[in-house]
Amino acid sequence: MKVEGKQFQTIWLNNSYDETIIIDQRQLPFQLKTSRLKAIEDAFYAIKNMAVRGAPLIGVTAAYGLYLGILNSKKPDFDTHLIEMADYLKSARPTAVNLAFAVDRVVNKCSGLTQKEATGFALNEANKLKDEEEQSCNLIGDFGVQLIEDIYAKKKEPVNILTHCNAGWLACIDWGTATAPIYKAHQKGIPVHVWVDETRPRNQGARLTAYELGQEGVPHTVIADNTGGHLMQHGKVDIVIVGSDRTTIKGDVANKIGTYLKALAAHDNNIPFYVALPSSSIDWEIEDGLVEIEIEKRDAKEVSHIEGWDGKEIISVRLIPEKSNAINYGFDVTPARLVTGLITEKGICQACKEGILGLFPEKKAYPASSKGGKFKK
Ligand code: MRU
């Protein structure tokens with residue numbers, strides 16, 4: 001998508017294939033800065049510290065990170081080192097399943113090879129994954145735009161879409177997941193307006209979604225996270241589209257904290273609530289999202305403080321009394337019963353096992369619930 005009229009993707013390789021370049025999302029929307037990942041540790045910290053974030057982009061960054069690790073590997077027992085590097089990358093953030101998915105794909109291509117042989121295979125697989133993620137988002141856009149078109153055909157007025165967090169192109173490679181149908185609608189001339197949840201504590205909505213929609217010229221309004229229910233009660237939301245960090249085979253959706261509350265409000269107001277996701281965000285091994293998905297807990301400082309631009313630089317200021325405790329859950333789980341449908345690269349389906357397997361029949365043999373109850377509190 002575009003930044004200042006110029007076409008961008010979120011991640012790319014340098015000309016000599018020994019560095020991965022990313023947009024440092026911690027600087028947005030105030031400054032557009034890139035940074036160079038030269039080693040596996042750089043990729044690990046870019047993911048952990050959220051210079052890159054969003055499930056598909058986390059996965060692709062990890063794939064390139066593993067490639068860099070393989071390229072620079074000097075350890076004698078390469079197969080053991082490969083697994084160590086994979087485990088290290090997977091530990092960067094726990095919730096988005098794309099991380100393990102991407103790392104495992106590279107490992108599967110490289111195990112049993114020499115370091116030299118594996119380097120080419122890893123690069124190839126990371127490039128392939130990146131292309132697939134871009135293509136999935138493109139297709140999600142093509143399927144999802146039909147929902148927006150249908151609303152417009154009935155309403156004949158701008159379609160109001162509410163979204164949470166940033167499931168935009170910045171969270172992916174291009175297009176985004178939740179935003180792909182919006183961008184496609186905008187490009188087709190369908191009038192749309194997006195309610196952007198600010199998404200405390202890190203404000204990915206206010207900082208990133210608003211930024212990218214603005215760069216593409218899509219009309220939008222940033223709202224405080226608590227506003228959506230009120231807007232829905234007053235007929236100002238036609239459809240909710242959010243992304244996903246992990247979706248179970250039964251259709252439970254882990255997404256940025258606060259998504260569940262929007263789903264409840266949408267349900268109460270009969271507003272369609274769709275989740276847009278590539279199949280790389282489906283965890284084929286689990287069914288019950290509430291029990292089986294590990295929810296990331298991040299630094300409480302993201303809650304107790306807030307970041308902003310003082311005209312020269314990004315500063316952080318305290319919001320809460322010095323002695324008050326704060327806690328920071330990164331994600332929540334929206335049960336499948338609150339999800340109207342899943343928009344995937346293979347089409348739109350109901351949020352249930354039959355619906356998902358109808359689109360992905362090749363996954364039927366997968367053993368669901370092998371991790372049963374692992375993260376139960
Ligand atoms: O913590 P983040 O910023 O990595 O969270 C990811 C998100 O932005 C989402 O929850 C998003 O909706 C799904 S990723 C396309």
*Could you tell me which residue of region 248-276 is surrounded by the most Cβ atoms within 10 Å (Cβ to Cβ), considering only residues that are part of a helix (DSSP H, G or I) and of a type in the set (D, E, K, R)?*
LYS262
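Out of all the residues in region 99-111, is one or more under 25 Å from the mean Cα position of the chain (by Cα), under 30 Å from PRO201 (Cα atoms) and of a type in the set (Asp, Glu)?
Among the residues of region 99-111, not one is under 25 Å from the mean Cα position of the chain (by Cα), under 30 Å from PRO201 (Cα atoms) and of a type in the set (Asp, Glu), which makes the answer no.
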_Suppose the filter is surrounded by fewer than 23 Cβ atoms within 10 Å (Cβ to Cβ) and on the phi < 0 side of the Ramachandran plot; does LYS156 pass it?_
no
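Determine which member of the set VAL194, VAL145 is surrounded by 21 or more Cβ atoms within 10 Å (Cβ to Cβ) and either more than 15 Å from the ligand (Cβ to nearest atom) or at positive phi (or both). Step through it out loud before you land on a result.
Values: VAL194 fails: either more than 15 Å from the ligand (Cβ to nearest atom) or at positive phi (or both).
Exactly one of VAL194, VAL145 is surrounded by 21 or more Cβ atoms within 10 Å (Cβ to Cβ) and either more than 15 Å from the ligand (Cβ to nearest atom) or at positive phi (or both), namely VAL145.
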*asked:* Filter region 180-211 down to the residues that are touching a residue at least 60 places away in the same chain (Cβ under 8 Å), touching a Leu at 6+ places or on another chain (Cβ under 8 Å) and outside any helix (DSSP H, G or I) and list them by number.
replied: ASP197
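Evaluate the following for GLY235: is it surrounded by fewer than 24 Cβ atoms within 10 Å (Cβ to Cβ), at pLDDT 95 or above and not in a helix (DSSP H, G or I)?
For GLY235, the condition - surrounded by fewer than 24 Cβ atoms within 10 Å (Cβ to Cβ), at pLDDT 95 or above and not in a helix (DSSP H, G or I) - is met.
Yes/no per residue for (1) open to solvent by less than 70 Å² (accessible area, probe 1.4 Å); (2) over 30 Å from ILE286 (Cα atoms):
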| position | (1), (2) |
| --- | --- |
| SER16 | no, yes |
| PHE44 | yes, no |
| TYR64 | yes, no |
| ILE70 | yes, yes |
| TYR88 | yes, no |
| VAL97 | yes, no |
*Lone qualifier among TYR260, TYR211 - being more than 10 Å from the ligand (Cβ to nearest atom) and closer than 21 Å to GLU133 by Cβ*: TYR211
*Look at region 286-314 and say how many of its residues are assigned to a loop (DSSP other than H, G, I, E, B) and open to solvent by 60 Å² or more (accessible area, probe 1.4 Å).*
5
*Of the residues THR179, THR163, which is crowded, with 24+ Cβ neighbours inside 10 Å and within 17 Å of SER136 (Cα to Cα)?*
THR179
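Out of region 342-353, which residues are under 15 Å from ASN255 (Cα atoms) and in a strand (DSSP E or B)?
LEU342, ILE343
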_LYS74, sole failed condition from (1) farther than 17 Å from CYS110 by Cα; (2) over 21 Å from the mean Cα position of the chain (by Cα); (3) surrounded by fewer than 16 Cβ atoms within 10 Å (Cβ to Cβ)_ = (1)
*If we only count strands (runs of 3 or more DSSP E) wholly inside region 7-67, which ones have 3 or more residues that are hydroxyl-bearing (Ser, Thr, Tyr), within 15 Å of the ligand (Cβ to nearest atom) and touching a residue at least 60 places away in the same chain (Cβ under 8 Å)?*
none
*Quick check, is VAL317 part of a strand (DSSP E or B) and open to solvent by 40 Å² or more (accessible area, probe 1.4 Å)?*
yes
_Residues (away from the ligand (no atom under 16 Å from the Cβ), under 17 Å from CYS352 (Cβ atoms) and touching a Pro at 6+ places or on another chain (Cβ under 9 Å)) located in region 289-313_ = LEU290
*Out of region 75-120, which residues are outside any helix (DSSP H, G or I), without any contact (Cβ under 8 Å) to a residue 60 or more places away in the chain and over 26 Å from TRP12 (Cβ atoms)?*
LYS75, PRO76, ASP77, SER111, GLY112, THR114
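The values are calculated or read from the model by the stated rules, or taken from the named source; none is laboratory data. Please read these numbers as outputs of a predicted model, since none were measured by experiment. We place every Cβ from the backbone using ideal geometry, glycine too, and count neighbours over all the protein chains shown. The protein model used for the area step is the full one, side chains on, heavy atoms only, and it has no ligands, DNA or RNA in it. Shrake-Rupley method; radii C 1.70, N 1.55, O 1.52, S 1.80 Å.
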